[in-house]
Amino acid sequence: MSYNEFKNSLVLNLTERFPEMDIASLNRVLQIVDCTANDYDFTRKCTDLIVSGGVPEVLKLYLAAKVVEGYSKGTLYNVRIICTNFFQTVGKPIDKVTSNDIRVFLYTWQNAHNVSLVTLDKYRVLLSTFFHWCYAEGYIEKDPTVVIKPFKTEKKQRESLTQVELEYMRKACQDIREKALIEFMYSTGCRAAEVCEVKRSDVNFDTGEVHLFGKGKKHRTSYLNAKASVNLKEYLDSRTDDCPYLFVRSRRPVGQLTTSSIAKIVRGIAARANLTKHVSPHIIRHTTATQAVKHGMLVQEVQKLLGHANIATTMVYVETDDSEIRAMHNRAVI
């Protein structure tokens, strides 16, 4: 194998055997390997397109490369599932795959699993990204996904909570942990996965700042409003455990919350509040963005608050009331 293939394989083995290893430690190992490798020659031992159980070995190298690039565990899991199912279904070596093979697979998958076009297009993107990488790295001579166009889907605007609905959510909280969680998520606009990773040491009550670490392995700062600060202090004062995480399970053994448990808590509060719309942690994040813009925050500032790399992503979260458009029209179009 080539030296780059050896490094990718090493990364994959390290991340599988030592899942607690962070990116900084991993990069230090790779630096040592780079220095040591100067005294050795690497030659290719076998073909790139070995197939094991219908799945090409190059998929492992791709996943290893994406680990180094900071892909989330959820994305890597989805890539592994979709690509594995694809190759096991098609039963062809990677260099023999055609565009029609991919189309037929996606059509069959949709019928078998009853997924929406939006979800199906995400699977198309995962396959397309994988095959494009294989082409760029020289594993295949042609990318079969180039001619497969994105699926046309209806873009539905997410519906955030109104101020009244948010107040009903607040009143429906049963204990101080639920109150602190709702206020924290609304104030910071953070993702559920980011809530899971926040530790007590990440919160500065004097400055009202919260250090968040989440999607794309990126760090950012968000802020606590008065309600979030008061409820969070009360929640922390009520705890007797020494767990470092900001939000923990109510049952023993005490440990950090998971994204699924946070979603369950939010759904439970919404049900007690008798809200008819679907409420998820992401809807609360969406509510933060919408309310921030309605109260004068610039979209660029909301973009930074939410941790979006692209402002177009932020615009999806921002709702504009028809009455605001009418008022603006009366002032501007005269």
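The values are calculated or read from the model by the stated rules, or taken from the named source; none is laboratory data. Computed from a predicted structure; not experimentally measured. Backbone-built Cβ (ideal geometry, glycine too); neighbour counts: all protein chains shown.
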Requested in this report: Take the residues in the range 194-235 that are among the small types (Gly, Ala, Ser), in a helix (DSSP H, G or I) and buried (at least 18 other Cβ atoms within 10 Å of the Cβ), then tell me which one is nearest to the chain's Cα centre (by Cα).
Outcome: Ala228
Query raised in the report: Can you name the residue in the range 244-258 that is farther than 29 Å from Val68 by Cα and either of a type in the set (D, E, K, R) or in contact (Cβ under 8 Å) with a residue 12 or more places away in the chain (or both) and, of all such residues, is surrounded by the most Cβ atoms within 10 Å (Cβ to Cβ)?
Result: Arg249
Report summary line: Of the listed residues (Ile265, Ile269), the one being within 19 Å of Glu159 (Cα to Cα), in the same structural domain as Cys173 (by TED's automatic domain parsing), among the β-branched types (Val, Ile, Thr) and in a helix (DSSP H, G or I) is Ile269
**Report entry** Total residues in the range 291-324, condition in a helix (DSSP H, G or I) and either over 20 Å from Glu183 (Cα atoms) or modelled with pLDDT of 75 or more (or both)
**Finding:** 21
Requested in this report: Please verify whether the range 151-158 includes one or more residues that are in contact with a Leu (Cβ under 6 Å, 6 or more places away or on another chain), among the β-branched types (Val, Ile, Thr) and crowded, with 17+ Cβ neighbours inside 10 Å.
Outcome: no
Query raised in the report: Here are Lys122, Lys171, Lys96: which of them is closer than 20 Å to Ile283 by Cβ, assigned by TED's automatic domain parsing to the domain that holds Pro56 and surrounded by fewer than 17 Cβ atoms within 10 Å (Cβ to Cβ)?
Result: Lys122
Query raised in the report: If you go through the range 102-109 one residue at a time, do you hit one that is within 27 Å of His286 (Cβ to Cβ) and modelled with pLDDT under 90?
Result: no
Requested in this report: Could you tell me whether any residue of the range 165-178 is touching a Ser or Thr at 6+ places or on another chain (Cβ under 8 Å) and under 18 Å from Asn274 (Cβ atoms)?
Outcome: yes
Query raised in the report: Counting residues that are modelled with pLDDT under 80, which helices (runs of 4 or more DSSP H) fully inside the range 21-93 reach at least 1?
Result: 23-37, 73-90
